[in-house]
1. Looking at (1) in contact (Cβ under 8 Å) with a residue 60 or more places away in the chain; (2) open to solvent by 30 Å² or more (accessible area, probe 1.4 Å); (3) closer than 19 Å to GLY59 by Cα, which is the only condition PRO118 fails?
2. Restricting the search to the range 136-158, which residues are within 17 Å of SER39 (Cα to Cα) and assigned to a strand (DSSP E or B)?
3. Within the range 68-99, which residues are open to solvent by 30 Å² or more (accessible area, probe 1.4 Å) and in contact with a strand residue (DSSP E or B) (Cβ under 8 Å, 6 or more places away or on another chain)?
4. Which of the residues spanning the range 121-158 are among the basic types (Lys, Arg), free of Cβ contacts under 8 Å to residues at least 24 places away in the same chain and within 18 Å of MET75 (Cβ to Cβ)?
5. Would the range 126-147 turn up any residue that is among the hydroxyl-bearing types (Ser, Thr, Tyr), modelled with pLDDT under 95, over 20 Å from ASP27 (Cα atoms) and open to solvent by 40 Å² or more (accessible area, probe 1.4 Å)?
6. Determine if the range 48-57 includes at least one residue that is open to solvent by less than 40 Å² (accessible area, probe 1.4 Å) and more than 19 Å from ARG125 (Cα to Cα).
Amino acid sequence: MMMNAAAIFALVSLSPAGTHAQAPALDTLGWLTGCWELSAGDRRTVEQWERTPDGELRGSSVSFKGTTETGSERMRIHALGGAITFWAYPSSQQPAEFRAIAVGAREATFENPEHDFPQRISYRRQGGDSLVARIEGDRDGRRRSVTFGFRAISCTAR
């Protein structure tokens, strides 16, 4: 499945067995919370991330061309079976699971080598008002990558 800018992230629910082992790593992802906007010409994507009471992160993304919605996605990051997992639920495609290969204080990378495209998703916080998302992998026998530069916006201005 080809993911658009709206289709960058998601995860599953926190299992009791993984709660203590994974809570610190999930806590380090607090830098992702908030509302983020990517705009170019008449195209716009707004992504919002929130922490749930049980500690996981839930995201939503909506893309527009002018005033017409062109795509949406729900996302979830949580601990599953001892690993941090990102789930993407694009509106018109099957869900996809990506496992964390790196989680830090300002960056996280998730991977699924079996996925069609992308096979890797990463987020990196830059400064106080920027978030860089990157998708990459093999597509049609060629290595591809796409970088998305988001800026922080007020969640009430969505």
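1. Condition (2) is where PRO118 drops out.
2. Those that are within 17 Å of SER39 (Cα to Cα) and assigned to a strand (DSSP E or B): VAL146, THR147, PHE148, GLY149, PHE150, ARG151, ALA152, ILE153.
3. Here is the first cut: in the range 68-99, the ones open to solvent by 30 Å² or more (accessible area, probe 1.4 Å) are 68-70, 72, 74, 76, 80-82, 87, 89, 91-95, 97, 99.
Result: GLU69, THR70, SER72, ARG74, ARG76, TRP87, TYR89, SER91, SER92, PRO95, GLU97, ARG99.
4. ARG124, ARG134
5. Scanning the range 126-147 turns up no residue that is among the hydroxyl-bearing types (Ser, Thr, Tyr), modelled with pLDDT under 95, over 20 Å from ASP27 (Cα atoms) and open to solvent by 40 Å² or more (accessible area, probe 1.4 Å).
6. Kept after step one, since they are open to solvent by less than 40 Å² (accessible area, probe 1.4 Å), are these residues of the range 48-57: 48-49, 52, 55-57.
Now restrict to residues that are more than 19 Å from ARG125 (Cα to Cα): 52, 55.
Yes: the range 48-57 contains one or more residues that are open to solvent by less than 40 Å² (accessible area, probe 1.4 Å) and more than 19 Å from ARG125 (Cα to Cα).
The values are calculated or read from the model by the stated rules, or taken from the named source; none is laboratory data. From a predicted model like this one, the values you see are computed outputs, not experimental measurements. No Cβ is skipped: glycine too gets one built from the backbone with ideal geometry, and neighbour counts run over all protein chains shown. Side chains are part of the model used for accessible areas, which takes the heavy atoms of the whole protein and leaves out ligands, DNA and RNA. Shrake-Rupley method; radii C 1.70, N 1.55, O 1.52, S 1.80 Å.
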